[in-house]
Each structure stands twice: as C-alpha cells, then as structure tokens.
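Please treat every number below as a calculation from the coordinates, not as lab data. What you see is a predicted model; the values in this text were computed from it and never measured. Cβ: placed from backbone, ideal geometry, glycine included. Neighbour counts: every protein chain shown.
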Amino acid sequence: MKWLRQLIEGARVNEDGRVDLEGLMKQINEEFPRNAVPKSEFNQAKKKLKRAIATIEVLEESKSENEMLLEIIKQQEATIQKLRYDVINTIKSYSLKKQLSKAGILDPDYLVYRQRDLDGIPLDNKEKPMVIEELIKSLKEELDGK
C-alpha cells in the first residue's frame, strides 16, 4: 500500500485548495494493476493453498498408518526368518537321520537330539550334511567314552 500512499502524498492541489481527484484516480488506475493481485489469481492461489493443506493433513494422518504398516512388515520379516531357519533345521535333521541310518546307527533320533545345535552342520547343494563322517565319528567317540 506504499504505492497508494505515495500517490496521495504526491497528488496535485487545485486552485481552490482541494486535491485533484480526477488526476489522482487516473494515477491510481494506472498503478493498481502493477501493485495488486487480480481477484481471479488470488482465488486460484487460495484454492491451491487449501488443496495443499488438505494434502498435508492426509499425509499426516496416514503417517501413523504407515508406521503401523512398517512395524507389521518388520514382524512378518522376522517370522519369515524364523520359518526359514526352522525349515533349514528340519531338512538338516531329516537328512542327518537318513545319513546316520545309512552309516549303521541304530538310533539316529537320539544322536540328532544329542547334537542339539544343527547350525554347525553345513549342507551341500543336494541338502545333505557335508560333515557326516566327522559327525558320526565324534558322536561314536562321545558315546563310547561313557
């Protein structure tokens, strides 16, 4: 509004001591479009602002839902990891029992039970225990020592 103030202060005064309204209005009409925003542009900007605010509100509301979904995903990934671990141990257990039976062990279930930790038994690409001979030897030695 400084532009309007400058125009009013710089307005000419008529011979009778009054402000020249015709000249002042002409100057205001010339300067107004340069210094003011048309109503249509203002309304468009206002609509865009309302949409942006609404979008932000939706995003803020869904933020908690997203965090909840991320937590569910983490839980599901942990469950998948545990299931994979269980499947691998089951494969190792059955494969180990089969190999122990082939080696002449009468109670392979007991030996697998005694082994407890199947993590240390690597599997080959055919899902057979790779160190079966060493394992059988160590378990036999352990049982013979009793």
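For the pair Tyr110 and Ile8, label points projected 7 Å from Cα toward Cβ lie 10.8 nm apart.
Backbone geometry of region 5-16 corresponds, through the Karplus equation with coefficients 6.51, -1.76 and 1.60 at θ = phi - 60°, to 3J(HN,Hα) couplings of 4, 4, 5, 5, 5, x, 5, 7, 10, 6, 5, 8 Hz, x marking Gly and Pro. For region 15-82, trypsin sites (Lys or Arg not before Pro) meeting the loop criterion (DSSP other than H, G, I, E, B) and having at most 15 other Cβ atoms within 10 Å: Arg18.
Computed extension gain for Lys63 through Lys46, at 0.36 nm per residue and net of the alpha carbon distance, reaches 3.6 nm.
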